[in-house]
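Undergrad: Below you'll find the structure I mean.
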Amino acid sequence: MSLEIIRQDITRMHVDAIVNAANPALLGGGGVDGAIHRAAGPGLLEECRTLGGCKTGEAKITRGYDLPCRYVIHTVGPIWHGGHAGEREKLAACYKSALRLARAHGCGSVAFPLISAGVYGYPRDKALRVATDTIRDFLMESDADMHVYLAIFDKASFAIGEKLYAGIAQYIDDNYAGQHTARSRSLLPEEMCELAKAQRDIEDVCEEMAMPQEALREVPPFAPMAAKPEPKKRGLLERLTRGAKKPAASIEDALAELEDGFTPYLLRKIDERGMTDVQCYKKANIDRKLFSKIRSSANYKPSKNTALALAIALELSLEETRDILSRAGLALSHASKFDIIIEYFIANGQYDIFEINEALFAFDQPLLGA
Ligand code: AR6
């Protein structure tokens with residue numbers, strides 16, 4: 001039950017149903033309509049002739065003929081007249097009608113093109129927003145176990161809002177470490193001082209607890225040096241319990257806190273947010289089966305993608321996101337554009353995973369969830 005944006009020719013997709021952006025006559029045309037009819041062969045047109053056309057916002061279903069899909073769902077998008085002629089509602093109605101029809105025919109997977117965004121002239125960024133919002137709402141409300149694809153034919157037909165694009169591009173520019181990560185440059189004097197101090201902390205704690213130093217190597221990345229140096233043991237405790245509401249009272253508490261792995265932390269946050277599991281995995285755009293797997297294993301180590309999708313669903317702050325990642329042995333990195341884009345959205349308090357995925361797609365990055 002999730003939405004995936006992919007760059008793909010819809011006529012090649014092995015799904016239960018593909019959606020056609022047709023015209024009211026349903027007798028074929030240009031764009032994706034023409035491509036679907038060409039790939040399906042003459043049987044599709046014959047069946048379409050029996051349907052009596054289709055109104056804007058409604059949908060009709062046929063078989064797939066020579067296409068690799070079982071069904072073609074034909075819908076008619078609105079022609080763009082400037083945005084004040086009910087275009088948004090009509091376009092949303094197309095997605096809803098097609099999804100209902102897919103559900104009624106037991107489809108587990110359905111692929112949409114960006115309806116109205118070609119010949120019918122709907123601005124692409126706006127068409128994309130309507131598509132993702134409507135599909136997301138349907139998936140949130142529906143019990144159907146359905147995987148929905150938004151097939152974007154070519155890069156040019158894909159656009160997120162200019163302002164959003166510019167904002168993210170600037171953020172990447174300001175933060176991307178690219179090839180020049182901290183590994184390839186000398187440490188600044190204060191960083192060396194911080195590193196030495198942390199090393200001493202580790203040695204102290206290990207000595208005190210009679211444990212090998214390796215056990216404490218996996219602490220989260222060092223925080224910038226505080227203006228007022230903290231007593232050394234407290235500094236380490238804070239790093240160990242970074243993101244926790246209360247600082248731990250002792251080393252034992254801090255280690256117990258660390259032992260609270262990804263799954264217990266996740267479940268606690270779900271409770272704190274007053275969410276249900278279903279709300280959480282749907283909002284994270286992840287599969288119910290994957291969520292059950294995470295839920296049933298206290299030591300589950302999710303992929304970074306899954307951990308971040310759940311952090312977004314829970315609307316975690318940056319600090320909390322770093323915390324939940326560290327519980328799976330992961331971290332946000334400024335050497336990764338993917339990570340920086342996610343960070344941009346979290347820092348701006350924007351937690352719509354589908355909007356984030358649109359942006360990731362626009363920057364050629366893998367998508368969250370699904
Ligand atoms: N796979 C996925 N997407 C595609 C493909 C493909 N093979 N080919 C085109 N697109 P359009 P509309 C994208 O014009 O705006 C027809 O003549 C394309 O890049 O096909 O709803 C009908 O008969 C664009 O983003 O549909 C109607 O008269 C999107 O599909 C009229 O066009 C929709 O572009 C409908 O216009």
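The values are calculated or read from the model by the stated rules, or taken from the named source; none is laboratory data. Since the structure is predicted, the reported quantities are computational estimates derived from the model, not experimental observations. A quick note on method: Cβ atoms are made from the backbone with ideal geometry, for glycine too, and the neighbour counts reach across all protein chains shown. The accessibility values were calculated without ligands, DNA or RNA, using every heavy atom of the protein model including side chains. Shrake-Rupley method; radii C 1.70, N 1.55, O 1.52, S 1.80 Å.
Undergrad: Identify, from the list ALA169, ALA144, ALA151, ALA177, the residue that is closer than 29 Å to TYR344 by Cβ and either part of a loop (DSSP other than H, G, I, E, B) or of a type in the set (S, T, N, Q) (or both).
TA: Just one listed residue meets the conditions, ALA177.
Undergrad: Scanning the range 12-26 for residues that are within 9 Å of the ligand (Cβ to nearest atom) and open to solvent by 20 Å² or more (accessible area, probe 1.4 Å), which turns out farthest from ALA93 (Cα to Cα)?
TA: ARG12
Undergrad: So, ALA362, is that one open to solvent by 50 Å² or more (accessible area, probe 1.4 Å) and small (Gly, Ala, Ser) or not? Break it down stepwise before answering.
TA: Details: open to solvent by 50 Å² or more (accessible area, probe 1.4 Å): no; small (Gly, Ala, Ser): yes.
Spelling it out, it is not the case that ALA362 is open to solvent by 50 Å² or more (accessible area, probe 1.4 Å) and small (Gly, Ala, Ser).
Undergrad: Would you confirm, using the coordinates I've provided, whether LYS293 is in the same structural domain as GLU355 (by TED's automatic domain parsing) and surrounded by fewer than 19 Cβ atoms within 10 Å (Cβ to Cβ)?
TA: Answer is yes for this residue.
Undergrad: Then there is this: Take THR56 and decide whether it is more than 13 Å from the ligand (Cβ to nearest atom) and β-branched (Val, Ile, Thr).
TA: Spelling it out, it is not the case that THR56 is more than 13 Å from the ligand (Cβ to nearest atom) and β-branched (Val, Ile, Thr).
Undergrad: So, in the range 79-101, of the ones that are open to solvent by 40 Å² or more (accessible area, probe 1.4 Å) and within 14 Å of the ligand (Cβ to nearest atom), which residue ends up nearest to the chain's Cα centre (by Cα)?
TA: My answer is LYS90.
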